[in-house]
Structures are given as structure tokens and as C-alpha cells.
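Here is the structure we will look at, set down as C-alpha cells.
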Amino acid sequence: SNAASKVMEDVNSRGVSGSDHVEKTAESLAGIAGTVNRIKEMNDHITSAIQQQQQVADEINEDLMKISEAGEETAAGSQQTHSASEDLLRQVESLKDVVSAYKL
């Protein structure tokens with residue numbers, strides 16, 4: 001009877017110990033799940049920030065293209081103005097020659 005009692009105490013002790021291990025394991029798994037969720041949330045924030053940065057980079061690139069096009073149009077306009085100025089200068093010289101021919 002004493003041996004049976006000892007066996008029962010041993011079984012009971014092991015059951016309590018096993019139950020403690022299961023409880024601690026469950027707590028650990030809950031902690032791990034919480035950490036995984038926080039990491040997922042951080043990844044979502046990072047993904048969102050990257051998408052926003054990409055959108056801003058695309059807008060900047062588009063603006064730079066517009067600036068480049070405006071620069072090219074300005075250069076073309078300057079060339080036309082230069083050409084028109086040279087033509088006007090030639091006309092002024094021609095007009096001077098005509099006027100000087102009428103001077104007495």
C-alpha cells in the first residue's frame with residue numbers, strides 16, 4: 001500500500017509538472033505570436049512607406065522631365081530669337097544703305 005501510494009504521488013507529481021510545461025509552452029507560443037504580429041505590422045508600415053516614397057520619386061521624375069522639356073523649348077525659343085535678331089540686323093544694314101543712297 002505504501003508502494004502504491006508512492007507510485008500515485010509520483011504519477012500525480014509528473015502530471016502537475018507536465019501541466020506546468022504545457023502552460024509555459026502555451027505562454028511562450030502566445031508571446032511568439034504577439035511578436036510575429038508586431039513584425040507583420042512593421043512590415044506593413046515599411047511597405048506603405050516604400051510605396052509612398054516610390055510615388056514621390058515618380059512625381060519628382062515627372063517634374064524633372066517637364067523641366068527638361070521646358071528647358072529645351074526655351075533653348076529653341078532663344079535660337080529663334082537670335083535668328084530673328086540677325087535677320088533684323090541685316091534689314092537695318094540694308095535700310096541704312098538705301099537711306100545713304102538718297103543722302104545728298
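The values are calculated or read from the model by the stated rules, or taken from the named source; none is laboratory data. Predicted model, so just to flag it, every value in this text is computed and none were measured. Heads up: the accessible areas ignore ligands, DNA and RNA and are worked out on the full protein's heavy atoms, side chains in. Shrake-Rupley method; radii C 1.70, N 1.55, O 1.52, S 1.80 Å.
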Practice task
Being open to solvent by 90 Å² or more (accessible area, probe 1.4 Å) and aliphatic (A, V, I, L, M) is the filter; apply it to region 65-104 and report the residue that is modelled with the lowest pLDDT.
Solution key: L104
Exercise for the section: Please verify whether region 2-24 includes one or more residues that are at pLDDT 95 or above and β-branched (V, I, T). Expected result: no
